[in-house]
Structures are given as structure tokens and as C-alpha cells.
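Chemist: Just passing along the structure, written as C-alpha cells.
The values are calculated or read from the model by the stated rules, or taken from the named source; none is laboratory data. Keep in mind it's a predicted model, so treat the numbers as computed, not measured. Every residue, glycine as well, gets a Cβ built from its backbone with ideal geometry; the counts of neighbours run over all protein chains shown. Accessible surface is based on the protein model in full, side chains and every heavy atom, while ligands, DNA and RNA are left aside. Shrake-Rupley method; radii C 1.70, N 1.55, O 1.52, S 1.80 Å.
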Amino acid sequence: MPWQRPDGRQPDQLRPTTFTRRFTKFSAGSVLVCCGDTQVLCTASVKPKVPRFLEGKGQGWLTAEYRMLPGATPDRQERELLKLSGRTQEIQRLIGRSLRSVLDMTALGERTITIDTDVLQADAGTRTAAITGAFVALHDAIDSLIQCGDLDRSPIRHQVAAVSIGLIEGDAFLDLNYPEDVTADIDCNVVMNDVLEIIEIQGTAEQGSFTRRQLDQIMDLAEKGIKELLELQRQTLEIHPSH
């Protein structure tokens, strides 16, 4: 019998996804993104300087941080203070790479944008939710720079969104929640821009292996889900497609 999703969704159906903009007061951009029961607070802060290796080069930088808050999971997690886990470092690098890929750093000028993604509640897909939500926070931060006259035009070249896909009992499922994530034989995360160019694919066989045909199924589902997330971003931000 094929795998029955715990929440009754179809294999190609996203969890209900919402963006609440301006969730906090002081950041240049902020959004609470909810993907089912996963909730991530994404904020974007701007400083008028760049890391030393970019000083005097006339271009900007974007960096990202990711944290799981202690109460985000059923069992309290210890705060990561002086030493970050390998998982945390890997996720925040992924978020930074994904967002830098859609920015014109020369148009940004010599300023640094810091993206903070804090998981308030984790039900799988936290890294993909963080990327998708962080774009909304980034867009609002850039808009604030334009409105105050610090930028003449937006350095954002594309949207970016991400989604998870898993193989369970040989079949592909979009946007896994926690019971599915721990059951999946294959777990993939896919990041794309708004012309559906691939920015990153993370795919791991937890047990056994998977075929090229199954990879094609995974990518087809990823593209469908990311198209829907990009449209949700556009509706939230009231922007038109760039293509």
C-alpha cells in the first residue's frame, strides 16, 4: 500500500505556507514564515561597511546566521553559544549562498546585509523555509534602502525559494513534515531562482540508493513546489515576475 501522508496531503502538495511581513520593529526587513507547523523568524539588517577582504572594491556582501531556539522541538535543545554544530554551520552557509546568488553585489555598494534565521518551531524543512522567508525579509530591507535614498535601484536580480522532497517506499513526496522526514529513505533539498535555474541540490540516500528516474521525479516535484512558493512571495510582496 502506498505511503499515506499523516496530514492527508497529496504527494505533490505543499504544506500551508504564509509570510507575515514586518514581524519585528527594528530590522530593515523581517518576516515570520510558517510552513505547516515549521515557523522561522527571518530578519535582515544592514551595515554601511563590508568585511576587510572587500574594502575598497565597491561591492557589498551578504552573510547569514541560523539558529534553532531551545523550545523549537519537543525536547529542549541546548543553545549553541561559542561552538556551532556542523549542521548549523552548513545550513547558514547554504542560506548565505542561496541569497548571494540573486544579488548584484556591485549595485548593493559597500554595505553588508546580515540575514538572521531563528527557528521558533521545527517540524522539518527549517532550512528551506529559512531561505524562502529570508528572501522576503531581504526584499523589504532593500526596499527600505531605496525609500530612504541610500540606493537608486534594487540589486536583487531574481527571487529565490527552496523546498524539500523525499522518497518514501519508492515514491516522491513534496515538502516533508517531521514524521515523513524521519521515515524517508532519500532526503533532498532544492534551491531555485525565479527562472527555475538550480542554485543548489542537496540529496542524500539515508538507506540504499536511488535511480536517475527517481531523481527526475524529485526534481519535477521540486520545480512544482518552488513555482508555487515564488508565486506566494510575489503575492506577499506585491511584485511582478522578473521574466
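Chemist: What single numbered condition from (1) in a helix (DSSP H, G or I); (2) at pLDDT 95 or above fails to hold for R213?
Modeler: (2)
Chemist: Do any strands (runs of 3 or more DSSP E) lying entirely in the range 112-178 carry at least 1 residues that are open to solvent by 10 Å² or more (accessible area, probe 1.4 Å), and which ones are they?
Modeler: 112-121, 171-174
Chemist: On to the next question. For the range 130-168, which positions are under 19 Å from Y178 (Cα atoms) and of a type in the set (A, V, I, L, M, F, W, C)?
Modeler: A130, I131, A162, V163, I165, L167, I168 - these are the residues of the range 130-168 that are under 19 Å from Y178 (Cα atoms) and of a type in the set (A, V, I, L, M, F, W, C).
Chemist: Here is a follow-up. As an exercise: evaluate R15 against (1) in a strand (DSSP E or B); (2) open to solvent by less than 20 Å² (accessible area, probe 1.4 Å); (3) closer than 30 Å to F173 by Cα and give the number of the one condition it does not meet.
Modeler: If we test R15 against (1) in a strand (DSSP E or B); (2) open to solvent by less than 20 Å² (accessible area, probe 1.4 Å); (3) closer than 30 Å to F173 by Cα, just (1) comes out false.
Chemist: So which residues in the range 179-195 are within 27 Å of H158 (Cα to Cα) and either open to solvent by less than 50 Å² (accessible area, probe 1.4 Å) or part of a strand (DSSP E or B) (or both)?
Modeler: D187, C188, N189, V190, V191, M192, N193, D194
Chemist: Taking R212, is it of a type in the set (K, R), in contact (Cβ under 8 Å) with a residue 60 or more places away in the chain and surrounded by fewer than 16 Cβ atoms within 10 Å (Cβ to Cβ)?
Modeler: Answer is no for this residue.
Chemist: Condition first: open to solvent by less than 40 Å² (accessible area, probe 1.4 Å), part of a loop (DSSP other than H, G, I, E, B) and of a type in the set (A, V, I, L, M). Now tell me which residues in the range 30-83 satisfy that.
Modeler: V50
Chemist: Something else: Could you give every pair whose Cβ atoms fall below 6 Å, whose first residue belongs to the range 1-14 and is in contact (Cβ under 8 Å) with a residue 24 or more places away in the chain, and whose second residue is of a type in the set (F, W, Y), counting only separations of at least 6 or pairs across chains?
Modeler: What qualifies is P11/F173.
Chemist: Another question, then. For the range 84-100, name all the residues that are part of a loop (DSSP other than H, G, I, E, B) and open to solvent by 40 Å² or more (accessible area, probe 1.4 Å).
Modeler: Across the range 84-100, the qualifying residue is only S85.
Chemist: What number of residues within the range 146-171 satisfy the criterion of being in contact with a Leu (Cβ under 6 Å, 6 or more places away or on another chain), among the aliphatic types (A, V, I, L, M) and at pLDDT 95 or above?
Modeler: The qualifying residues number 2.
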